[in-house]
Amino acid sequence: YGFVDENNINDIVEINGRQVVDALSIDEDTKEKKVELLLEEEILDDTFILDNHEFPLELIITAKVLMMDKAQFRLVKKSGNFPEPEMSSEIKNPLLRILEKRLSDYKTSIAEDEEILKRQEVSLRLRYAVMLRLSEKRILQKHIDYLKSFKVEDNNEGGSNKRRKLK
């Protein structure tokens, strides 16, 4: 790494698009058709980018489409109207599992990385690598905390469940 800024608000972490598709697809018969439509509409990509700001709207829409039954998907395909990018009880926990799985892919915890950075004898190269992965983990944890704290009212028709900025 050439350099890494500590606590850079522009840091990101990537979520593999194929892993999202595999984790959220409920109907193998329509899986590839859903993927094709999402790709055509530029909603689905190779990766989803999580940053320090809002939860990715494309990830919400992708989750909703992938978890649709055949009849719901036919309606979307026919009308061209995609679901609103609002969190719902149906997608909250599956998305939470995806982010928790992504966080568990790291071999060290946030606390372990913080301890490594406290050491004086750490090489600059290792320090930068740890700073980068620590930033990614913090972004993931922020989104995990957001999903865990997000209250979804089952009968809400559009008001308070709009996207919220992460704190």
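Please treat every number below as a calculation from the coordinates, not as lab data. Keep in mind it's a predicted model, so treat the numbers as computed, not measured. Virtual Cβ from ideal backbone geometry, glycine too; neighbours counted across all protein chains shown.
What's the percent breakdown of Cα-Cα distances in region 4-67 across 10 Å bins, shortest bin first?
22, 48, 20, 9, 1
In region 87-157, what trypsin sites (Lys or Arg not before Pro) fall in a loop by DSSP, with at most 13 other Cβ atoms inside 10 Å?
Numbers: sites: Lys92, Arg97, Lys101, Arg102, Lys107, Lys118, Arg119, Arg125, Arg127, Arg133, Lys137, Arg138, Lys142, Lys148, Lys151; in loops: Lys107, Arg119, Lys151.
Listed in order of number, the matching sites are Lys107, Arg119, Lys151.
Taking other Cβ within 10 Å of each residue's Cβ, how do Thr47, Thr62 sort, fewest first? If you can, show how the numbers build up before the last one.
Numbers: Thr47 15, Thr62 26.
Fewest-to-most Cβ neighbours within 10 Å comes out as Thr47, Thr62.
Please list, by residue number, everything in region 32-66 whose backbone N is under 18 Å from a paramagnetic label point 7 Å out along Cα→Cβ of Phe150.
Those under the cut-off are 43-45, 48-66.
Distance check, please: which entries in Lys77/Lys148; Lys33/Lys148; Lys118/Lys142; Lys78/Lys142; Lys78/Lys148 exceed 29 angstrom between their Cα atoms?
Working: Lys77/Lys148 31 Å; Lys33/Lys148 31 Å; Lys118/Lys142 22 Å; Lys78/Lys142 37 Å; Lys78/Lys148 34 Å.
As for pairs spanning more than 29 Å Cα to Cα, those are Lys77/Lys148; Lys33/Lys148; Lys78/Lys142; Lys78/Lys148.
Only counting other Cβ atoms within 10 Å, I'd like Ile9, Ile60, Ile26, Ile144 sorted with the fewest neighbours first.
Values: Ile9 8, Ile60 21, Ile26 12, Ile144 17.
Ascending number of Cβ neighbours within 10 Å: Ile9, Ile26, Ile144, Ile60.
In the Gaussian network model of the chain, springs joining C-alpha atoms below 10 Å, which of Glu14, Glu121, Glu90 carries the largest mean-square fluctuation?
Taking springs between Cα atoms under 10 Å, the residue moving most is Glu121.
Starting with the fewest neighbours, write out Asp51, Asp29 ranked by other beta-carbon atoms found within 10 Å of each beta-carbon.
On the way: Asp51 16, Asp29 8.
By the 10 Å Cβ count, ascending, the order reads Asp29, Asp51.
Note down the net charge around Leu50, summing +1 for each Lys or Arg and -1 for each Asp or Glu among other residues with Cβ under 10 Å from its Cβ. Before the final figure, lay out each step's value.
Numbers: positive: Arg102, Lys142; negative: Asp11, Glu14, Asp51, Glu54, Glu136.
Taking every Cβ under 10 Å from that of Leu50, the sum is -3.
Of Lys101/Lys137; Lys70/Lys151; Lys31/Lys101; Lys64/Lys101, which sit over 23 Å apart, Cα to Cα? Before the final figure, lay out the partial values.
Values: Lys101/Lys137 12 Å; Lys70/Lys151 28 Å; Lys31/Lys101 21 Å; Lys64/Lys101 19 Å.
Pairs exceeding 23 Å: Lys70/Lys151.
Equivalent-ellipsoid semi-axes (√(5λ), Cα gyration tensor) for region 1-134, whole Å, largest first?
Numbers: eigenvalues 269, 39, 30 Å².
Value: 37, 14, 12 Å, ordered largest first.
How are the C-alpha pair distances of region 55-155 spread across 5 Å bins, as whole percents from the shortest bin up?
So the P(r) values, bin by bin, are 2, 11, 18, 16, 13, 11, 10, 7, 5, 4, 2, 1, 0.
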